[in-house]
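In what follows, a single structure is set out as structure tokens and then discussed.
The values are calculated or read from the model by the stated rules, or taken from the named source; none is laboratory data. Here the structure is a predicted model, which is why all the values come from computation and not from measurement. A quick note on method: Cβ atoms are made from the backbone with ideal geometry, for glycine too, and the neighbour counts reach across all protein chains shown. Accessible surface is based on the protein model in full, side chains and every heavy atom, while ligands, DNA and RNA are left aside. Shrake-Rupley method; radii C 1.70, N 1.55, O 1.52, S 1.80 Å.
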Amino acid sequence: MAASRFSFELFPPRTPEGVAKLPGVVAQLAEVRPEFFSVTHGAGGSDQEGTYETLLTVVRETGIEAAPHLTCIGSTRANVAAALDRYREAGVKRIVALRGDLPATAMSAAAPGEFRYASELVCFIRETHGDHFRIEVAAYPEMHPQAPNPAADFDNFCRKVECGADGAITQLFYNADAYFDFVERCEKAGLRIPIVPGIMPITGYANTVRFCTGCGADIPRWARLRLEQLQDDKQGLLDFGLSMVTRLCETLLRGGAPGLHIYTINQAGPTLRLWESLKLSVTA
Ligand SMILES: Cc1cc2nc3c(=O)[nH]c(=O)nc-3n(C[C@H](O)[C@H](O)[C@H](O)COP(=O)(O)OP(=O)(O)OC[C@H]3O[C@@H](n4cnc5c(N)ncnc54)[C@H](O)[C@@H]3O)c2cc1C
């Protein structure tokens, strides 16, 4: 099976052990030559140094493109402008542009005149840097959890594309039909950008439920029951999770998905096992 856009997501490690482990993880993942790595970024401008350092580690260890995520909520335009200049100087050509989520303890969502939505960030990047950056945005086949309804959420997604997004990466999901329905809506709306599925390998029951609850992703009932029953059988759960996610990815790629973006959670093993299981090759 061939995929033309294969990317891996990392987060800035939060412990000295995580920092020490990162170059090895990145080197292992780089062996299958993803198109790029992306590096997450805390909302409100938090952990910008972590994103920057992780980005430099990827480029130094692998020579593969690294794309920082840039969140705008809780940041000032001046801070975002400075971050963009710094990334440009470091040779960055691609940004994953996001609103982000403020911690519940934060005082206010957006000060007057500052960013409220990712579409405003996309417009700002285009206004200030023209076409220098390729801009990826987030897409929600199962609807963003704070949206009032699917139609409003889809209109808001279209706004990001109108502002200049070049591509989208979806929130994780385990239901291929949700993705195909989203792509169909994009086609009907005349959106021509690639919508790359975001894929989370399954490594445990509790964390899968937590991730899905957090972002509003559905775990099909049959799969949830199977995972629940296997939660104390680590190997059994990994085997089941791998076959379930392999089938999901095969269905997506056969159905026309332009590639896959894998949430690696900074571990090489689950992503490489999935790669192996999919027998993937990357087309230039
Ligand atoms: C691929 C991917 C990577 C991610 N990486 C990170 C990361 O690194 N760091 C992080 O903190 N989070 C990350 N997230 C999570 C993301 O920040 C959250 O899902 C956040 O709640 C929404 O971000 P967004 O960019 O989709 O926001 P938006 O596109 O701005 O949408 C947010 C909500 O606002 C609504 N909305 C948008 N525009 C308008 C408008 N004009 N009027 C009214 N409502 C509107 C939307 O319908 C939606 O409900 C990532 C998500 C994905 C899918």
ask   = Listed residues THR213, THR208, THR246; which is open to solvent by 20 Å² or more (accessible area, probe 1.4 Å), part of a helix (DSSP H, G or I) and hydroxyl-bearing (Ser, Thr, Tyr)?
value = THR213
ask   = With LEU260, LEU252 as the choices, which residue is more than 13 Å from TYR174 (Cβ to Cβ), open to solvent by less than 60 Å² (accessible area, probe 1.4 Å) and touching a residue at least 40 places away in the same chain (Cβ under 8 Å)?
value = LEU260
query = Is it the case that segment 95-113 has a residue that's assigned to a loop (DSSP other than H, G, I, E, B) and touching a Phe, Trp or Tyr at 6+ places or on another chain (Cβ under 6 Å)?
reply = yes
task = Answer with yes or no whether ALA268 is open to solvent by less than 50 Å² (accessible area, probe 1.4 Å), of a type outside the set (Asp, Glu) and over 19 Å from ASP181 (Cβ atoms).
result = yes
task = Could you tell me which numbered condition ALA81 fails, if it satisfies all but one of (1) crowded, with 20+ Cβ neighbours inside 10 Å; (2) over 23 Å from LYS21 (Cα atoms)?
result = (1)
inquiry  = Which condition from (1) in a helix (DSSP H, G or I); (2) open to solvent by 60 Å² or more (accessible area, probe 1.4 Å) is the one that VAL183 breaks?
reply    = (2)
message = Please go through (1) in contact with an Asp or Glu (Cβ under 8 Å, 6 or more places away or on another chain); (2) within 13 Å of the ligand (Cβ to nearest atom); (3) hydrophobic (A, V, I, L, M, F, W, C); (4) farther than 20 Å from CYS72 by Cα for ALA152 and return the number of the only condition it doesn't satisfy.
response = (1)
ask   = Among the residues of segment 71-81 satisfying the criterion of being closer than 17 Å to ILE135 by Cα and in a helix (DSSP H, G or I), which is nearest to the ligand (Cβ to nearest atom)?
value = VAL80
query = Inside segment 184-201, can you point out the residues that are under 25 Å from HIS69 (Cα atoms), over 15 Å from the mean Cα position of the chain (by Cα) and within 15 Å of the ligand (Cβ to nearest atom)?
reply = CYS186, LEU191, ILE193
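The rows are residues; the columns are (1) of a type in the set (Lys, Arg); (2) modelled with pLDDT under 95; (3) open to solvent by less than 60 Å² (accessible area, probe 1.4 Å).
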residue	(1), (2), (3)
THR62	no, no, yes
GLU89	no, no, no
LEU98	no, no, yes
ALA109	no, yes, no
Segment 156-180 - residue that is more than 8 Å from the ligand (Cβ to nearest atom) and open to solvent by 60 Å² or more (accessible area, probe 1.4 Å) and, of those, nearest to ILE262 (Cα to Cα) = ASP177
note = Filter segment 113-128 for residues that are open to solvent by less than 20 Å² (accessible area, probe 1.4 Å) and either touching a Leu at 6+ places or on another chain (Cβ under 8 Å) or β-branched (Val, Ile, Thr) (or both); the one that is nearest to LEU84 (Cα to Cα) is ILE125
inquiry  = Would you confirm, using the coordinates I've provided, whether VAL19 is without any contact (Cβ under 8 Å) to a residue 40 or more places away in the chain and either over 30 Å from CYS249 (Cα atoms) or not small (Gly, Ala, Ser) (or both)?
reply    = yes
inquiry  = Going residue by residue through segment 15-26, is there one that turns out to be within 17 Å of the chain's Cα centre (by Cα) and at pLDDT 95 or above?
reply    = yes
